[in-house]
Amino acid sequence: MKVYKTQSGALLEAEGNTYTLPVTDWEAFINNDDLYNTLTSLLASGKATATPHPSASETLPPIGPRQELWACGVTYWRSKVGRQEESKASGGGDFYEKVYHAERPEVFFKSTPSRVVGPGQPVRIRKDSTWDVPEPELTLVVTSSGKIIGYTIGNDMSSRSIEGENPLYLPQAKTYDGCAALGPCIYVTNQPLPAQALIRLTISRNGEQAFTGDVELSQMKRTPEELVSFVYRESSFPHGCLIMTGTGIVPGHDFTLQSGDEISIGIDGIGTLTNTVA
């Protein structure tokens, strides 16, 4: 089942149909350890009414105003190699090698909801950066108790030139206005995503394909539950939290985003998130 946050309220897509849900508080609605069964009961009760499928312009990022977006890094081998390449000149490459193999993963605060955009909305590259990439990531939707109740697609926009200059510049490379996109929905399931599910990235420029790549979820070194446990260690999230799980698709050093580029990220079972670079 897929749940959409839209300008007109919460919508549910199930078995090829779309329904309006009787939801007035998005945060309280998704901060529910039993969300899958709640949705199943709403469908069975007839309280969900049929409605047209939402367009991209109607769809909002599936994050509440009091929730936080966190992120994890260096969870795929390709990400480790990419980070080492970009930080080689500054002598920071060893940090990424060590964190890839360490017991403790890299986790960091990514964004407040006001800096997150939804489908069809523009993401941004920093004016003081010379090397910028999108990072397509499976994103976990987690309740206040630490339970994963669904998944969405995340675009963790990143300045490789700033992070590569010095690892201590990570917050500046990662957090700024328009630094993340989420959507188009929350895929709610009572089963883990299959390991063979693909994440796909396509970047188009002037109507032509400028970059494409894909990776299986099986290539992620750490489990989603492991990442949640570290984000929630010594931190509470009364309204729930969304957690990006890292990227396994890293464009080469000869590629950087430009204004007007279209970024499309697809994940099997969830859908496609498309944004244009402002």
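Worth a mention:
- Normalised radius of gyration (Cα atoms, divided by 2.2 N^0.38 Å) for region 183-278: 1.26.
- Calculated mean residue ellipticity at 222 nm for the chain: -5000 deg cm²/dmol, from DSSP H runs with n ≥ 4 weighted as -39500 (n - 2.57), summed, divided by the residue count and rounded to 500.
- Length gained when the stretch residue 27-residue 253 is fully extended (0.36 nm per residue, less Cα-Cα span): 77.4 nm
- Links that overshoot a 25 Å alpha carbon limit, given the list 2/174; 127/221; 98/221; 47/110: 2/174; 127/221; 47/110
- Computed from Cα atoms alone, the Kirkwood hydrodynamic radius reported for the chain is 18.9 Å.
- Surface calculation, 1.4 Å probe, protein heavy atoms: residue 95 sits at approximately 130 Å² accessible.
- Using the Karplus relation 6.51 cos²θ - 1.76 cosθ + 1.60 with θ = phi - 60°, the per-residue 3J(HN,Hα) values for region 259-268 come to 4, x, 4, 9, 10, 10, 10, x, 10, 3 Hz, with x marking Gly and Pro.
- Largest-first ordering by accessible area, 1.4 Å probe, given options 169, 76: 169, 76
- Net length gained if the chain between residue 112 and residue 170 were fully extended (0.36 nm per residue, minus Cα distance): 19.3 nm
- Long-range amide H partners of residue 106 with built H, under 5 Å: 73
- The share of Cα pairs per 5 Å bin across region 121-192, counted from zero up to the longest distance, runs 3, 16, 21, 19, 14, 12, 10, 4, 1 percent.
- Candidates 41, 1, 264 compared by Cα position along the dipole of the chain: farthest toward the positive end lies 41, with charges placed on Cβ.
- Residue-wise HN-Hα coupling along region 39-53, computed from phi with Karplus coefficients 6.51, -1.76, 1.60 (Hz; x: Gly, Pro): 5, 4, 5, 4, 5, 5, 7, x, 7, 8, 9, 4, 7, x, 5
- Neighbour cut-off at most 10 other Cβ (10 Å), DSSP loop, GluC sites (Glu not before Pro), region 15-90: 15
- In the context of the full set of protein chains, the chain has a per residue accessible area of 44 Å² (1.4 Å probe).
- The stretch between residue 98 and residue 15, if pulled fully straight at 0.36 nm per residue, gains 25.4 nm over its current Cα-Cα span.
- On the beta carbon distance between residue 36 and residue 195, with R0 = 25 Å, the FRET formula returns roughly 0.80.
- Ligands, DNA and RNA left out, the accessible area of region 68-277 computed with a 1.4 Å probe is 48% carbon and sulfur.
- In this label model, residue 233 and residue 7 are separated by 4.4 nm, measuring between points 7 Å along each Cα→Cβ vector.
- Exposed trypsin sites (Lys or Arg not before Pro) absent - longest run of the chain, DSSP non-H/G/I/E/B, at most 11 other C-beta within 10 Å: 128-232
- Cα gyration tensor shape of region 238-278, rounded if a/c is under 1.5, else prolate or oblate by comparing a/b with b/c: prolate
- DSSP bridge pairs, the chain: antiparallel proportion in percent, nearest 5: 90
- Dipole magnitude for region 68-277: about 260 debye, using +1 per Lys or Arg Cβ and -1 per Asp or Glu Cβ, origin at the Cα centre.
The values are calculated or read from the model by the stated rules, or taken from the named source; none is laboratory data. In this text, all values refer to a predicted model and were calculated from it rather than measured experimentally. Don't worry about glycine lacking a Cβ; one is built from the backbone with ideal geometry, like all the others, and counts go over all protein chains shown. Surface accessibility is based on the protein's heavy atoms, side chains included, excluding ligands, DNA and RNA. Shrake-Rupley method; radii C 1.70, N 1.55, O 1.52, S 1.80 Å.
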